[in-house]
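Written below as structure tokens is the structure these notes are about.
The values are calculated or read from the model by the stated rules, or taken from the named source; none is laboratory data. These numbers were taken from a predicted model, which means no experiment stands behind them. Cβ placement follows ideal geometry from the backbone for every residue including glycine, while neighbour counts extend to all protein chains displayed.
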Amino acid sequence: MFESDTIAAISTPHGTGGIGIIRISGDEAFDIAARIFKSRKKFNDIKSHTISYGKIVDPSSGETIDEVLLSKMEKPNTFTREDIVEINCHGGIVVLKRVLELVIAEGARLAEPGEFTKRAFLNGRIDLSQAEAVIDLINSKNAESSRAAVRQLEGRLSEKLSVVRKSLIELIASIEVTVDYPEHDIEEITAKQINEELGKIILKLEDLAKSFERGKFIREGISAVIVGKPNVGKSSLLNELSGKNRAIVTDIPGTTRDIIEEYININGIPIRILDTAGIRETKDVVEKIGVDMAQREIENADLVIMMLDARTGMDENDTVIYNRIKDKKNIIILNKIDLVDETDEVGLPEGVNIVKMSLKEGIGIDKLEEEITNLFFKGEIISNDEVLLTNVRHKHLIDMAIRSIRDARDAYINGMPIDMMTIDIKNAAEYIGQITGESVSEDVVHEIFSRFCIGK
């Protein structure tokens, strides 16, 4: 599936910095390093998993390119399970490129995107889901997504799926023995027993599938849109949440005509929040475009925050807006409570999340943040022993496995022979194997690792 040649790449971000790292992996890594690294010790005398001080010298000219620290790591106790050398250079791009060019001139080739991690997978150090966790960890947007990626990298998802796949394979074996060797003195498995085992398996997979929504929000964040009539405080809310004067605030209705976007962080979760044009009937062409855009954003949002004016409560126009959002996760904000003696909640929908707020007086922001967290994450955002599904590919394959198991159980319900259940059970095991890489095509592997950066 891959050539066992020696690869090299810059493994730190391009640009100026204190340190830049050249990574080399493969059978020739040590020989290449020995030819260009000069120190008090001979390279072969340097112990594995130690760091040595020296210089990178061009063998053809004798020119010193940089003073460096070099890490020598002997296989198999390395990330790729190959011999690895990491050269810690000064972080200028010119220096890094010269060192990399020298390494390539001495026999290495430039690594493809994600090729170091790909080799870790192909050499059996990690499975495919763990490899995908590497890029998730690199791209983490918050502490919670980082924790979720680390748990997947540790193999917690793989462990759960391994148990499921093993159970499916054992069922297949039992069926085939029962069907093919009825004359042997082996305890036969019945269709009822198979159905019961499949029921237990499907519950485990459904629990994982249910965790995807929370996992997706932790990994990618929540998309929220603020809606309401003109001049109820939508732009003021965006400014308050973002800590910036991002949106223009006036007493003139219809000031906001375009979608204003800002990223905020609430209890460790990134939220993409949009301030929209006030939704109302208008003859202004530009404002009407803004209203249409607001309605489209409502359809795509994970959360809709609807704002009302405490002085007027919920009128006919508000009811029209609410009817458009009521099937989405939503929070109703009753703003400007400082301008009324008592907040009348008559006319407000029953059973909705209502937050009383005065943006002018700074009242209610904490309550809003609490409501958002509770709406998406009841209790802890992620518990210590929890495994969340965060990858769309994994979710799709688990859904396919669940569907196959249900087909197998339908075969039992319809009184079909047990060997007719085997095909669907095999399909389910195949789908699970595609997550961990136990049964996956080379094209899929290539596609996954092509998303990585060069050097990882």
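Descriptive notes on the structure:
- Of the residues making up the stretch 205-239, those that are acidic (D, E) and at pLDDT 85 or above are E206, D207.
- Residue selection: G91 satisfies the criterion of being modelled with pLDDT under 90 and outside the structural domain of V392 (by TED's automatic domain parsing).
- Qualifying helices (runs of 4 or more DSSP H) (wholly inside the stretch 346-456; at least 1 residues being in contact (Cβ under 8 Å) with a residue 12 or more places away in the chain and either in contact with a Cys (Cβ under 7 Å, 6 or more places away or on another chain) or under 23 Å from S162 (Cβ atoms) (or both)): 392-413, 422-436, 442-449
- Residues of the stretch 44-74 that turn out to be basic (K, R) and buried (at least 17 other Cβ atoms within 10 Å of the Cβ), as a count: 1
- Close pairs (8 angstrom Cβ cut-off, 6 or more residues apart or separate chains): modelled with pLDDT under 80 in the stretch 138-149, surrounded by fewer than 16 Cβ atoms within 10 Å (Cβ to Cβ) and among the aliphatic types (A, V, I, L, M) anywhere: none
- Extreme residue, modelled with the highest pLDDT, among residues of the stretch 252-271 that are part of a strand (DSSP E or B) and surrounded by 17 or more Cβ atoms within 10 Å (Cβ to Cβ): I271
- Out of I172, I135, sole residue that is over 22 Å from V392 (Cβ atoms) and in a helix (DSSP H, G or I): I172
- When T117 is tested against (1) surrounded by fewer than 19 Cβ atoms within 10 Å (Cβ to Cβ); (2) within 24 Å of the chain's Cα centre (by Cα), only condition (1) is not met.
- If you check I365, I405, I354, I454 for being crowded, with 20+ Cβ neighbours inside 10 Å and β-branched (V, I, T), only one passes: I405.
- Test: residue in the stretch 300-320 that is at pLDDT 60 or above, assigned by TED's automatic domain parsing to the domain that holds N231, of a type outside the set (A, V, I, L, M) and farther than 23 Å from K356 by Cβ: yes
- Being at pLDDT 85 or above, farther than 25 Å from D410 by Cβ and surrounded by fewer than 20 Cβ atoms within 10 Å (Cβ to Cβ) holds for only one residue in S242, S162, and it is S162.
- Selection status of D27, within 30 Å of T117 (Cβ to Cβ) and in a strand (DSSP E or B): no
- Cross-chain or 6+ apart pairs with Cβ under 8 Å, the stretch 99-120 first and without any contact (Cβ under 8 Å) to a residue 24 or more places away in the chain, then not acidic (D, E): none
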